[in-house]
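Quick notes on the structure that follows.
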Amino acid sequence: MLIGWISIYAAVYQEESSSIFDVSESYGKQLIWIVTALLIAGTILLIDIKFFPAFAYVIYAISMLALIAVLFKGAVIAGSKSWFQIGGFALQPAEFAKYAAALGLARVMSSASFNLRTLKGKAQAFGIIGLPAALILLQNDTGSALVFSSFLIAFYREGLSGSVLILGAAMAVLVLATLLFGELSIIIACIVIAAIALLFIKRYTGNILKIAGMLILAIAFIHTVEYSFENVLQQHQKSRINVLLGKEIDLKGVGYNLHQSKIAIGSGGFAGKGFLQGTQTKYSFVPEQSTDFIFCTVGEEWGFIGSVSLISLYILLLIRLIRLAERQRSDFSRIYGYGVASVLFFHFTINIGMTIGLVPVIGIPLPFISYGGSSLWAFTIMLFTFIKQDANRFALL
């Protein structure tokens, strides 16, 4: 939180409002969010440990109602109708839905009758994450909706077949390859790979039918890629992917943010330009630099050393969360812990990845660093709920 507060101060620094405590500026407001987040954290630590499994469904239901309500009563900010405007502040229910989904999943998957290997179990688990994702998509917030896919990591820990993850990875490769090289080229490549595979396996009827079936499914999937890309995605989403893949160069339009972001991070060099010395930062070359592109500030002013230090802190936090999750005595706490780690991992990798051009820009914050009360509150609640469970792990079976 402290790193985030200082980075936000550097990102939006105004000489006429140079006090970091000036609540009329973003850095002053972030201090209010930090103080209230700490109060929320303290309150969570005082709550009875049995509250969380007992009220998991209630919290999930309230969160889903909030996601529905914002569709009718929400304010449109940056093209997404996903905010409740309350006076001078805006609250985003989608951030809290991740917490609710983690609790709901832990409650469902820890029940004695649950089995993720059955069709009913899969329907329950995917339904818990699918409902908020669908409601958030209706708000035109694709980035936040994609976060719910991170719970597949928790599913894998609880028994989901690795073939599902391999299938997902194969589909992602086919999508990227088709967009890069075209439909016909990838279909020919798949046929060649299938023919080579036939040379190295025992050519029983069953094996031949399996390869033929996979080839037909791959070709059918490839046929859907370009159609979906052209007819499902919005123009700005298509442009961002094309820019990322190098098929489109638009340094003054849709590629502007990414281009300026890479200039800012690259200009930081090994040790950075120093606090408040970043020229890309000072002259506002990078849009959204206090929110989605806050990592640029770290890269420019603290350089490679600062960037690696921040990334190391996240990695240490994730490793610690996994170790704590594994030592839980209750299934509920373990599954919840993996849910928290999964969401943090997704935000951390995608946010930093999009600032350095490894993934498309989807507009999700860097946990505990980016400006914004909703994100900071939601991640604080998620983390301290798990800390509370770990501290009382012998009382929750």
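The values are calculated or read from the model by the stated rules, or taken from the named source; none is laboratory data. What you see is a predicted model, and the numbers here were worked out from it, not measured in a lab. When we count neighbours, we look across all protein chains shown, and the Cβ atoms used for this are built from the backbone with ideal geometry, even at glycine. Accessible surface is based on the protein model in full, side chains and every heavy atom, while ligands, DNA and RNA are left aside. Shrake-Rupley method; radii C 1.70, N 1.55, O 1.52, S 1.80 Å.
With each label point set 7 Å from Cα along the Cα-Cβ vector, what nm distance links S185 and A69?
Here the modelled spin labels are 5.1 nm apart.
Quick one: of K210/K238; K73/K98; K122/K238, which pairs are farther than 23 Å apart, Cα to Cα?
Result: K210/K238; K122/K238 exceed 23 Å.
For V192 paired with F89, estimate the spin-label separation in nm (one decimal), with each label point 7 Å from Cα along the Cα-to-Cβ line.
5.9
Run the quick spin-label model on T279 and Q234: label points 7 Å from Cα toward the beta carbon, then report their separation in nm to one decimal.
Here the modelled spin labels are 3.5 nm apart.
Ranked from highest to lowest mean number of other Cβ atoms within 10 Å per residue, what is the order of the peptides 233-239, 87-93?
87-93, 233-239
Please name whichever of M64, Y156, I3 sits farthest to the positive end of the charge dipole of the chain, dipole taken about the Cα centre and charges placed at Cβ: Lys and Arg +1, Asp and Glu -1.
Sorting the options by dipole projection puts first Y156.
What is the set of long-range amide H partners of F89 at a cut-off below 5 Å, with H atoms built 1.01 Å from backbone N?
none
Using a 1.4 angstrom probe on the protein heavy atoms only, could you order Y227, Y57 from most to least accessible area?
The ordering from most to least exposed comes out as Y227, Y57.
Please report the net charge: other residues with Cβ closer than 15 Å to the Cβ of L138, K and R +1, D and E -1.
The answer is +1.
In the structure shown, do any of K81/K252; K29/K273; K120/K388 have a Cα-Cα gap over 28 Å, and if so which?
K120/K388
Aspartates and glutamates within cross-link reach of K262: Cα-Cα under 19 Å, excluding same-chain residues under 8 positions apart?
E248, D250, E288, D292, E300, E301
Pull out a ≥ b ≥ c, the square roots of the eigenvalues of the alpha-carbon gyration tensor of segment 228-321, then state rounded if a/c is under 1.5, prolate if not and a/b is larger than b/c, and oblate in the remaining case.
Oblate, since a/c reaches 1.5 and b/c is not below a/b.
If you roll a 1.4 angstrom probe over the protein chains with everything in place, what fraction of the accessible area of the chain belongs to carbon and sulfur, to the nearest %?
69
From the square roots a ≥ b ≥ c of the eigenvalues of the alpha-carbon gyration tensor of segment 30-77, which class results: rounded (a/c under 1.5), prolate (a/b over b/c), or oblate?
In terms of gyration-tensor shape, oblate.
Tell me whether segment 139-246 comes out rounded, prolate or oblate; compute the Cα gyration tensor, take square roots of the eigenvalues as a ≥ b ≥ c, and use a/c under 1.5 as the rounded threshold.
The shape class here is oblate.
Give, in nm to one decimal, the length gained when the segment between S111 and Y57 is fully stretched (0.36 nm per residue of separation minus the Cα-Cα distance).
Net length gain for the segment: 18.2 nm.
With Cα extents along the principal axes in Å defined as stated, name the option among (i) 76, 55, 43; (ii) 90, 54, 37; (iii) 79, 42, 33 computed from the structure displayed.
Working out Cα extents along the principal axes in Å from the coordinates points to (i).
With an 8 Å cut-off on Cα pairs and a minimum separation of 6 or more residues, tell me the relative contact order of segment 89-154 in percent.
29
Kindly rank 58-64, 207-213, 328-334 from highest to lowest mean number of other beta carbons found within 10 Å of each residue.
The densest-packed peptide leads the list: 328-334, 58-64, 207-213.
For segment 283-289, what does the Karplus curve 6.51 cos²θ - 1.76 cosθ + 1.60, with θ = phi - 60°, yield as ³J(HN,Hα) per residue in whole Hz, taken in order and with x for Gly and Pro?
Once θ is set to phi - 60°, the couplings for segment 283-289 become 9, 6, 6, 9, x, 6, 6 Hz.
Can you tell me the length gained on complete extension of the stretch T118 to I219, counting 0.36 nm per residue apart and subtracting the Cα distance?
33.5 nm
Using packing as a proxy for protection, rank 175-181, 253-259 so that the peptide with the highest average count of other Cβ atoms within 10 Å comes first.
253-259, 175-181
For D48 and L199, what does the FRET efficiency come to when R0 = 56 Å and r is the distance between their Cβ atoms, rounded to the nearest 0.05?
That gives a FRET efficiency of 0.30.
For W302, what accessible surface area do you get with a 1.4 Å probe? Give it in Å², rounded to 10.
Probe radius 1.4 Å; accessible area of W302 about 110 Å².
Using the beta-carbon distance between N140 and T36 and R0 = 30 Å, what value does 1/(1 + (r/R0)^6) give for FRET efficiency, to the nearest 0.05?
Given R0 = 30 Å and the Cβ-Cβ separation, E is 0.60.
Only Cα pairs under 8 Å and at least 6 apart count here; give the relative contact order of segment 172-276 as a rounded whole percent.
Once divided by the residue count of segment 172-276, the mean separation gives 24 percent.
Label point 7 Å out from I166 along Cα-to-Cβ: which residues of segment 133-156 have amide N under 20 Å?
Only 152-156 pass the distance filter.
Tell me, what is the percent relative contact order of segment 251-342, built from C-alpha pairs under 8 Å that lie six or more residues apart?
The normalised contact order for segment 251-342 reaches 25 percent.
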